[in-house]
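Everything below concerns the one structure shown next.
Rule-based calculations on the coordinates, nothing more; no lab input. The model shown is predicted, which means the values in this text are computed figures rather than measured ones. Note: ideal-geometry Cβ built from the backbone for every residue, glycine included; neighbour counts use all protein chains shown.
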Amino acid sequence: MAEQQANKTSFLPDFCNVRMVFVIILLAELLAIILALAQPAYVQDRLFSLALYSVFIQCISITCAAALCFSRVWLNSLSDQWAATLAFLLILLISLVFVEISWWMFSRWAVVDPSHGAHWGFVLRSMGITGISAALVLRYFYVQHQWRRNVQLESSSRLDALQARIRPHFLFNCMNTIASLTRRDAVKAEQAVEDLADLFRASLQDSLKLTTLADELALCRRYVNIESLRLGDRLRVQWQTEDLPPEARIPGLSLQPLLENAIYHGIQPLPEGGTIELQLRYDDDYVVVRIVNPVPSTGNETESQGNRMALQNIRSRLAVLYGSRASLDTSDDGGTFVTQLRFPKAAQPV
């Protein structure tokens, strides 16, 4: 799912965005300054040359940005190669029109030599500068797009690997529990099947899709219900979620793996079991989720690697969606393992 979404996304940015237009204007002005400074030493009026370069280059740049803005939907429907080629040719065509208009105006004002050879020299120099600049900018957009897509695909592949590891042992345990319940409590067996179906339905969704925190907590409760059938009184969970902000959103399957780690690496190895505390609070436009669980004195290395894998996967997805605005921290304090997840309430992905 994530791969298909990444493949459909064009490398061309939104040229209708005000920030992108500002960046283009800034780059165009820097090019004008470079061309003005690169003139021979005998040129006297550099400020006049800078003004001419600025007007000329800014007109081309803004017109190209407007053309790419209006044609972005069409270009995005093409492959990256065709989109880059047509965008490059469109920039060259717009530049050629402005070059010819500028030459006609400059020759009428006697600013340039109106001879035929000087005309072609002006055209070739202008088109050469435009072609090189456009190629560099489009190449930058493409490299940036590839980097962003690779980060998303890496995050998705880590989730797939994590799900492939979690599903077998959890599914076998759950099916054994359901099989034993069918003979003595058909109602609980039916409820367990429904909870299991909801869990697997959520696991098949896009790993970067946002869901409400309330729905994610409901999924966690279903998971705990299933594990309670297997562990019985050994598993106890304290839910402190009274301060839940209903508008908060979070990537799906972000809390359930943390609860699974707490049960699988904390409660299950302890013969007497233990209590998991899930605390949720609202702190300065951020949602903070804190999970506390006991851990055995001696841990299994394979289990520790699986725990780190789950945590790293969630960190990767949070980094893709929120950058540095979200964090996932852990601490081991004398037989107690603490996991703290922090993300913005107004969950607008980067």
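Please report the net charge: other residues with Cβ closer than 15 Å to the Cβ of Leu86, K and R +1, D and E -1.
0
What's the ranking of 326-338, 215-227 by average number of surrounding C-beta atoms within 10 Å, highest first?
215-227, 326-338
What is the dipole size for the range 210-259, taken about its Cα centre, with +1 at each Lys and Arg Cβ and -1 at each Asp and Glu Cβ, in debye to the nearest 20?
Around 280 debye, computed over the range 210-259.
How would you rank 25-36, 260-271, highest first, on the average number of other Cβ atoms within 10 Å across their residues?
Ranked from most to least packed, the peptides come out as 260-271, 25-36.
Taking the Cα centre of the range 213-297 as the origin, how large is its charge dipole in debye, to the nearest 20, when only Lys and Arg (+1) and Asp and Glu (-1) carry charge on their Cβ atoms?
400
Please report the base-10 log of the normalised intensity I(q)/I(0) for the range 34-79, using a Debye sum with one equal scatterer per alpha carbon and no solvent, at each q in 0.17 (1/Å).
-0.60
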